[in-house]
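J.: This structure is in structure tokens; I'll ask about it shortly.
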Amino acid sequence: MNFLSYLISGISLGSVYALIALGYTMVYGIAKMLNFAHGDVIMIGGFVMFTAVSSAGTSPLVAIVCGIIVCTVLGVVIEKVAYKPLRNATPLAVLITAIGVSYLLQNAALLIFGSAAQSFPVLIEVPDWEITEGLTVTGVTLVTICVTIVIMIALMLFMRYTKPGAAMQAVAEDRGAAQLMGVSVNSTISLTFAIGSALAAVASLLLCSAYPQISPYTGAMPGIKAFVAAVFGGIGSIPGAMIGGILLGVIENLSKAYISSQLSDAIVFGVLILVLLIKPTGILGRKMAEKV
Amino acid sequence: MAMLEIRDLEVNYGAINAIKKISFDVNEGEVIALIGANGAGKTTTLHTITGLHKARAGSVMFMGKDIIKLPPHKIVQMGMAHVPEGRRIFQQLSVYKNLTLGAFTRKDKKGVEESLARVYERFPRLEERKRQIAGTLSGGEQQMLAMGRALMSDPKIILMDEPSMGLSPLLVEEVFRIIRDIKAGGTTVLLVEQNAKKALEIADRAYVLETGRITLRGNAKELMNDDSVKKAYLGE
Ligand SMILES: Nc1ncnc2c1ncn2[C@@H]1O[C@H](COP(=O)(O)OP(=O)(O)O)[C@@H](O)[C@H]1O
Ligand SMILES: [Mg+2]
């Protein structure tokens, strides 16, 4: 029974990684850049929800909607202001800019909210579920897994059956050819950042509900783990990010439970290195040919 | 007024001047051939017309409008299709998805369905393989897909960059038969080819591009009999 409960909470943690990893992987696949500020968008989303409930006294639903809207707009603005002018710059310049944006967001949060962690309000009020004697799943875990499943299915359907989804796949594969189909690269990249950042807001809700704390550094570690998950699954691949995220969460949780909670991160990175040695493009990744 | 008017077009790659003040016209209903050796600047010219590469100077008028500053998607929306060099179909997507992407800017669902039916009629192989991932098609099929995809936008003009490149003689014949067909359907064609003989055979008029300059122009049949063209491009 214990194993099952560790597994379920691992899947739940992995779901959060997967949601964050989707942002990394979609931006990488379509805009061909690593958005290292992605983790900090999560943190901003958390603070927006925190402030909405704690200071403005809104209902949880309003707070969640505010968080999603702010993150979505923030992601699009970051792209427009910081990354778009560097569309043709070297990858290194873009990477450094992304790290700069990450620090900017962290420092802005430090300035406004201070460095101490504050307790995150209860936004998800769902009763625990006792599956059998001794196996209880918390409401937050349940919500996390369900929300993630719904989002993943919706995203798959969006990519497969809508025009913007087709545009995103086309731009990911060959930006020039996509333009010749009449696809606007700028709008497609904006949309990618919007979706990735909205997912980050959802991830932030789930993360801060599972570990009810918020500080300017809240997004950093999950951001890095989710990036690892995206690489693990094959960066650029949407199903890869989903599988990578969930596997990472499960491995992390099981190592914590059965091996050592100090070593769990080391084990996670060890597995990543092993996977990359065997398959350098990640589990579902494929080589990408860069074209003009 | 010509459908497409290129005036004093200059294009650079960094400091390198790839296109040096070229001017030419494409009239409605014509097939125009742009021929020239490898590296002459044919692809660059087409890329600049559809906005993939920005010009340094000059103008490109399409149906009376200067499009030189427009982004590619706006130009495509106006009725220009471009079959790029090397086909550049979306290898990881299905044949059907590739074709629907060709109609990306169109809002008339009914018209898109008609175009799809016509493309399938013209290229039965594409219909047979519509669920297949495009990257698994043979070279000839990929070229058909690239052409079918361009036709899906129901364009007024199609720019084709070396559609016969790398194909067997039989398929080359097929490609040129389709270009004739497209012209017969009333669509204007700007054809870039290294296969000058074939291109001149189906073109109305032609331009010869040499290291970024247009050195010869005229009626395609006349150019076929021009001594310098014969020597340099027809291998006679
Ligand atoms: N991306 C590029 N960067 C620098 N130079 C280029 C680039 N593309 C083409 N060129 C140069 O521009 C010239 C014209 O090339 P291109 O238009 O491809 O010729 P063609 O299609 O007639 O073979 C060539 O000298 C080529 O080396
Ligand atoms: Mg060329």
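The values are calculated or read from the model by the stated rules, or taken from the named source; none is laboratory data. All of these numbers come straight from a predicted model, not from anything done at the bench. Quick reminder, even Gly has a Cβ in these numbers, built from the backbone with ideal geometry, and neighbours come from all protein chains shown. Keep in mind that these areas ignore ligands, DNA and RNA; they rest on the heavy atoms of the full protein, side chains included. Shrake-Rupley method; radii C 1.70, N 1.55, O 1.52, S 1.80 Å.
J.: Return only the number of the condition from (1) open to solvent by 40 Å² or more (accessible area, probe 1.4 Å); (2) within 18 Å of B:Val95 (Cα to Cα) that B:Ala146 does not satisfy.
T.: (1)
J.: If I filter the stretch B:32-54 for residues that are more than 9 Å from every other protein chain (Cβ to nearest Cβ) and more than 16 Å from ligand 1 (Cβ to nearest atom), do I get at least one hit?
T.: Going through the stretch B:32-54, the residues more than 9 Å from every other protein chain (Cβ to nearest Cβ) turn out to be B:32-46, B:48-49, B:54.
Retained after the next criterion (residues that are more than 16 Å from ligand 1 (Cβ to nearest atom)): none.
No: zero hits.
J.: Take the stretch B:30-57 and flag every residue that is surrounded by fewer than 21 Cβ atoms within 10 Å (Cβ to Cβ) and either of a type in the set (Val, Ile, Thr) or touching a Lys or Arg at 6+ places or on another chain (Cβ under 6 Å) (or both).
T.: B:Thr43
J.: Additional query: List the helices (runs of 4 or more DSSP H) inside the stretch A:213-292, counting only whole elements, that have at least 3 residues being within 14 Å of another protein chain (Cβ to nearest Cβ). Show your work before the answer.
T.: Details: elements: A:220-233, A:238-258, A:264-278.
Helices (runs of 4 or more DSSP H) meeting the threshold: A:238-258.
J.: Something else now. Residues that are within 30 Å of B:Ala232 (Cβ to Cβ) and within 16 Å of ligand 2 (Cβ to nearest atom): list the strands (runs of 3 or more DSSP E) wholly contained in the stretch B:27-101 that include at least 2 such residues. Full working, then the answer.
T.: On the way: elements: B:31-35, B:57-62, B:80-83.
By residue number, B:31-35, B:80-83.
J.: Answer yes if at least one residue in the stretch A:134-144 is exposed (fewer than 13 other Cβ atoms within 10 Å of the Cβ), farther than 21 Å from A:Gly46 by Cβ and at pLDDT below 95, and no otherwise.
T.: Restricting attention to the stretch A:134-144, the residues satisfying the condition of being exposed (fewer than 13 other Cβ atoms within 10 Å of the Cβ) are A:134.
Subset that is farther than 21 Å from A:Gly46 by Cβ: A:134.
From what is left, the residues that are at pLDDT below 95 are A:134.
Yes, there is a match, as at least one residue in the stretch A:134-144 is exposed (fewer than 13 other Cβ atoms within 10 Å of the Cβ), farther than 21 Å from A:Gly46 by Cβ and at pLDDT below 95.
J.: Any chance the stretch B:161-173 includes a residue that's under 25 Å from B:Phe62 (Cα atoms) and over 16 Å from the mean Cα position of the chain (by Cα)?
T.: Within the stretch B:161-173, the first condition is being under 25 Å from B:Phe62 (Cα atoms), and the residues that meet it are B:161-163.
Retained after the next criterion (residues that are over 16 Å from the mean Cα position of the chain (by Cα)): none.
Checked the stretch B:161-173: no residue is under 25 Å from B:Phe62 (Cα atoms) and over 16 Å from the mean Cα position of the chain (by Cα).
J.: Moving on. Any chance the stretch B:93-108 includes a residue that's within 13 Å of ligand 1 (Cβ to nearest atom), open to solvent by 10 Å² or more (accessible area, probe 1.4 Å), in contact with a strand residue (DSSP E or B) (Cβ under 9 Å, 6 or more places away or on another chain) and closer than 20 Å to A:Met181 by Cβ?
T.: Of the residues in the stretch B:93-108, the ones within 13 Å of ligand 1 (Cβ to nearest atom) are none.
No, the conditions are met nowhere in the stretch B:93-108.
J.: Next question, about the same structure. So which residues in the stretch A:238-271 are in contact (Cβ under 8 Å) with a residue 24 or more places away in the chain and open to solvent by less than 20 Å² (accessible area, probe 1.4 Å), if there are any at all?
T.: A:Gly240, A:Ala241, A:Met242, A:Gly244, A:Gly245, A:Leu248, A:Gly249, A:Glu252, A:Val268
J.: Shifting gears a bit: Write out, first by first residue and then by second, each pair whose Cβ atoms fall under 8 Å of each other, whose residues are 6+ apart or on separate chains, and whose first residue, in the stretch B:86-98, is under 10 Å from B:Gln142 (Cβ atoms) and more than 7 Å from every other protein chain (Cβ to nearest Cβ) while the second is basic (Lys, Arg) and surrounded by fewer than 17 Cβ atoms within 10 Å (Cβ to Cβ).
T.: B:Val95/B:Lys130; B:Val95/B:Arg131
J.: Within the stretch A:23-73, how many residues turn out to be more than 26 Å from A:Lys225 (Cβ to Cβ), assigned to a helix (DSSP H, G or I) and open to solvent by 60 Å² or more (accessible area, probe 1.4 Å)?
T.: Looking only at that region, the number is 4.
J.: Quick one: in the stretch B:12-26, which of the residues that are within 16 Å of ligand 2 (Cβ to nearest atom) and away from chain A (no Cβ under 14 Å) is farthest from B:Val76 (Cα to Cα)? Let's see the steps before the verdict.
T.: First, pick out the residues of the stretch B:12-26 that are within 16 Å of ligand 2 (Cβ to nearest atom): B:13, B:16, B:18-19, B:22.
From what is left, the residues that are away from chain A (no Cβ under 14 Å) are B:16, B:19, B:22.
Working: B:Ile16: 28, B:Ile19: 22, B:Ile22: 22 Å.
So the residue we want is B:Ile16.
J.: Go through the stretch B:111-145 and give me each residue that's in contact with an Asp or Glu (Cβ under 8 Å, 6 or more places away or on another chain) and among the charged types (D, E, K, R).
T.: B:Arg122, B:Arg125, B:Arg129, listed by residue number.
J.: Looking at the structure I just gave you, is B:Ala134 buried (at least 21 other Cβ atoms within 10 Å of the Cβ), within 14 Å of chain A (Cβ to nearest Cβ), more than 14 Å from B:Ile178 (Cβ to Cβ) and more than 20 Å from the chain's Cα centre (by Cα)? Before you say what the answer is, go through the steps one by one.
T.: Details: buried (at least 21 other Cβ atoms within 10 Å of the Cβ): yes; within 14 Å of chain A (Cβ to nearest Cβ): yes; more than 14 Å from B:Ile178 (Cβ to Cβ): yes; more than 20 Å from the chain's Cα centre (by Cα): yes.
Spelling it out, B:Ala134 is indeed buried (at least 21 other Cβ atoms within 10 Å of the Cβ), within 14 Å of chain A (Cβ to nearest Cβ), more than 14 Å from B:Ile178 (Cβ to Cβ) and more than 20 Å from the chain's Cα centre (by Cα).
J.: Within the stretch B:177-206, restricting attention to residues that are assigned to a strand (DSSP E or B) and open to solvent by less than 10 Å² (accessible area, probe 1.4 Å), which residue is farthest from B:Asp154 (Cα to Cα)?
T.: B:Ala206
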